[in-house]
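Step one of this worksheet: look at the structure below.
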Amino acid sequence: MDLKALIIGCGRVGSSIALQLHQEGWDVTVVDENEDALSRLGENWPGTFIVGHGMDADLLREAGIEDADAVIVATDGDNTNIIIGQVAQKRFDVRCVVVRVLDPARAKFYKERGLDTVCPTRVAIDELMEAARTCAIPVPQQTAEEVAG
């Protein structure tokens with residue numbers, strides 16, 4: 001069974017996801033406003049690349065949203081991502097929609113309302129806090145006598 005992914009946004013995140021899903025055997029279509037973003041996918045990109053805005057419903061249809069198993073929205077704008085995610089979920093009835101939202105409060109707000117959000121800012125905060133706590137708490141050193149026991 002071929003799984004189909006539609007990725008909106010071909011920056012560092014979107015292009016990396018597109019390449020990884022393709023390697024896993026997915027049929028991948030990428031949409032980006034900037035035609036130059038195609039270069040992030042490499043010279044031999046075998047998937048589909050469509051130049052246009054992800055908020056254009058006709059373009060989403062052309063990109064295959066009606067047959068998509070997953071829609072990943074990773075443009076550089078939270079508002080854009082949230083709107084496209086909601087359109088994919090509510091208008092096109094895509095079951096698996098994942099949206100990048102940089103603002104932790106907004107990511108939480110929309111997640112509580114049923115939109116699957118990923119917040120890199122929240123992940124960074126959590127990871128940095130954990131790293132700071134880990135390196136700030138001294139680990140007791142055992143003496144030679146304690147090791148020899």
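The values are calculated or read from the model by the stated rules, or taken from the named source; none is laboratory data. What you see is a predicted model; the values in this text were computed from it and never measured. Neighbour counts are summed over all protein chains in view; Cβ atoms, including those assigned to glycine, are modelled from backbone coordinates with ideal geometry. Side chains included, ligands, DNA and RNA excluded: accessible areas come from the protein's heavy atoms. Shrake-Rupley method; radii C 1.70, N 1.55, O 1.52, S 1.80 Å.
How much of the accessible area of region 50-109, in percent, comes from carbon and sulfur atoms when a 1.4 Å probe is used?
Within region 50-109, the accessible surface is 48 percent carbon and sulfur.
If you consider only alpha-carbon coordinates, what radius of gyration and Dmax does region 69-117 have, in Å?
9.6, 28
Tell me the per residue accessible area of region 1-125 using a 1.4 Å probe; a whole number in Å² is fine.
56
Say each of Leu59 and Asp2 gets a label point 7 Å from the Cα, pointing the same way as Cα to Cβ; how far apart are those two points in nm?
Using points 7 Å along Cα→Cβ, the separation is 2.4 nm.
With a cut-off of 8 Å between alpha carbons and a minimum separation of six or more residues, what is the relative contact order of region 82-149 in percent?
Numbers: 47 pairs, mean separation 15.3, N = 68.
Relative contact order here is 23 percent.
Would you please name the GluC sites (Glu not before Pro) within region 1-43 that are DSSP coil residues with at most 10 other C-beta atoms within 10 Å of their C-beta? Could you put the intermediate results ahead of the total?
On the way: sites: Glu24, Glu33, Glu35, Glu43; in loops: Glu24, Glu33, Glu43.
For GluC sites (Glu not before Pro) across region 1-43 that sit outside H, G, I, E and B with at most 10 neighbouring Cβ atoms in 10 Å, the list reads Glu24, Glu43.
Can you give the Rg to Rh ratio of region 1-142, both from alpha-carbon atoms, with Rh computed by the Kirkwood formula?
Rounded to two decimals, Rg/Rh equals 1.09.
For the Cα atoms of the chain, what angle does the longest principal axis make with the long axis of helix 120-136, in degrees from 0 to 90, nearest 10?
With both axes taken from Cα atoms, the answer is about 10 degrees.
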